[in-house]
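The values are calculated or read from the model by the stated rules, or taken from the named source; none is laboratory data. None of these values were measured; they are calculated from a predicted model. A quick note on method: Cβ atoms are made from the backbone with ideal geometry, for glycine too, and the neighbour counts reach across all protein chains shown. Note: areas computed on protein heavy atoms with side chains; ligands, DNA, RNA excluded. Shrake-Rupley method; radii C 1.70, N 1.55, O 1.52, S 1.80 Å.
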Amino acid sequence: MWIYEKKLEYPVRVSGPNPRLAKIVLEQYGGSDGEAAAANRYLTQRYTMPTGMAKGVLTDIGTEELAHWEMIATLFYKLMKGVTPSQAKAAGLEAYYANHGKDVFLQNAGGVPFTAAYFATKGDPVANLVEDMAAEEKARATYENILNLSDDPCVNDTLKFLREREVVHFQRFGEVLDNVQTHLNCKKVF
Amino acid sequence: MNRKISHQAHLLKEIMSYEFTAVELNLFLDTHPADVKALAEYNQVTQCLKKLKFEYEKCYGPLMNFGTSPSQHPWRWIDEPWPWQIEY
Ligand SMILES: [Fe+2]
């Protein structure tokens, strides 16, 4: 089971209301390489992993991604705090506001709703783990794209923390891939 | 930037920094389970976190529910602010 801890993994601060940036960070909330896709990808793939290490890393990184998902929601919540309907309209959030008000919604920056089609299970641990490594690199690249579009140094601090986590996750998944391939090769020799 | 933050946020940030160290060591140990030094650091940071969380929960109520942390009366799990409402 999971237990919620009533804290964020890392502080989330914003300099002030910023509907334009709020819309952009949704890419990491409900986008193809966002935190919801990451958490669901790993937590769905873990069941058939062949080693304890692979099951453990997918469980732990999947859980950490849930904490990142919460941080992105917090960014959106704080960036929309105090935003008026006319400011939302001026920032291109007219359609978003009409549907969701200032609530966070599981969609990407372009308004496309989240879908399970963003991630795979292939019945093959090597294929799954290589997807996970690519996913971490794509998430890192997405954070860098968002950093290029951001005008808030407080938000940048949070985004940089999250980008660094993708680098560490990529490293851990690479080690798990080694572990799983060694395991599969031993089985073949036997 | 110098902002005044609450005592609660101050304690939380201290917990965040120790717990982040624990997360990082946990993931490292997952793929390096025989690393003696990392394991000793993990166990040490776990002890520090236990103390920090105990102090925090005395002032601000449970950080975790479902039987992990006790609560004072009345049930304090529902106390605001929730994590996304806090100025850090
Ligand atoms: Fe990640």
Q. Counting pairs of alpha carbon atoms under 8 Å apart in space and at least six apart in sequence, what relative contact order in percent does the stretch A:68-190 give?
A. 22
Q) Ranked by accessible surface with a 1.4 Å probe, highest first, in what order do A:ARG163, A:ARG20 come? A) A:ARG20, A:ARG163
Q.
Name the residue from B:THR31, B:TRP77, B:HIS7 whose Cα lies farthest towards the positive end of the charge dipole of the stretch B:2-85, charges +1 on Cβ of Lys and Arg and -1 on Cβ of Asp and Glu.
A. B:HIS7
Q) What's the lysine pair count for the stretch B:2-85 at a Cα cut-off below 25 Å, pairs eight or more apart or interchain? A) 12
Q) So which lysines can A:LYS188 reach, going by Cα to Cα under 25 Å and dropping same-chain residues fewer than 8 places off? A) A:LYS55, A:LYS122
Q: Kindly state, to the nearest 0.05, the FRET efficiency for B:ASN43 paired with A:HIS183, given R0 = 25 Å and r defined as their beta-carbon distance.
A: 0.35
**Q.** Interface size B-A, as summed buried accessible area [1.4 Å probe, Å², nearest 100]
**A.** 2800
Q.
I'd like the distance between the alpha-carbon centres of the stretch B:33-88 and the stretch A:1-62, rounded to an integer number of Å.
A. 20
Q. If you put +1 on each Lys and Arg Cβ and -1 on each Asp and Glu Cβ, how big is the dipole of chain B around its Cα centre, in Debye rounded to 20?
A. 280
Q. Could you give the dipole magnitude of chain A about its Cα centre, charging the beta-carbon of Lys and Arg +1 and that of Asp and Glu -1, in debye to the nearest 20?
A. 300
Q: Give me the angle, in degrees from 0 to 90, between the Cα long axis of helix B:7-31 and the longest principal axis of the Cα atoms of chain B, rounded to the nearest 10.
A: 20
Q: Can you give me the three principal axis dimensions of chain A from its C-alpha atoms, in Å, biggest first?
A: 69, 32, 28
Q. Shielding of B:80-87 by partners, i.e. mean partner chain Cβ atoms within 10 Å per residue?
A. 5
Q) Any idea what angle helix B:36-60 forms with the longest principal axis of chain B, computed on alpha-carbon atoms, 0 to 90 degrees, nearest 10? A) 10
Q. Say the dipole of the stretch A:17-136 comes from +1 at the beta carbon of Lys and Arg and -1 at that of Asp and Glu; which of A:GLY110, A:ALA37, A:ASN128 then lies farthest toward its positive end?
A. A:GLY110
Q) Which length gain, in nm to one decimal place, applies between A:THR51 and A:THR121 when the Cα-Cα distance is subtracted from 0.36 nm times their residue separation? A) 23.5 nm
(Q) Given the options A:ALA88, A:HIS68, A:LEU184, identify the residue whose Cα lies farthest towards the positive end of the charge dipole of the stretch A:36-190 (+1 on Cβ of Lys, Arg; -1 on Cβ of Asp, Glu). (A) A:LEU184
Q: Shielding by partners for B:31-40, please: the mean number of other protein chain Cβ atoms within 10 Å of each residue's Cβ.
A: 2
Q: Kindly express, to the nearest 10 degrees and within the range 0 to 90, the angle between helix A:125-149's C-alpha long axis and the longest C-alpha principal axis of chain A.
A: 20
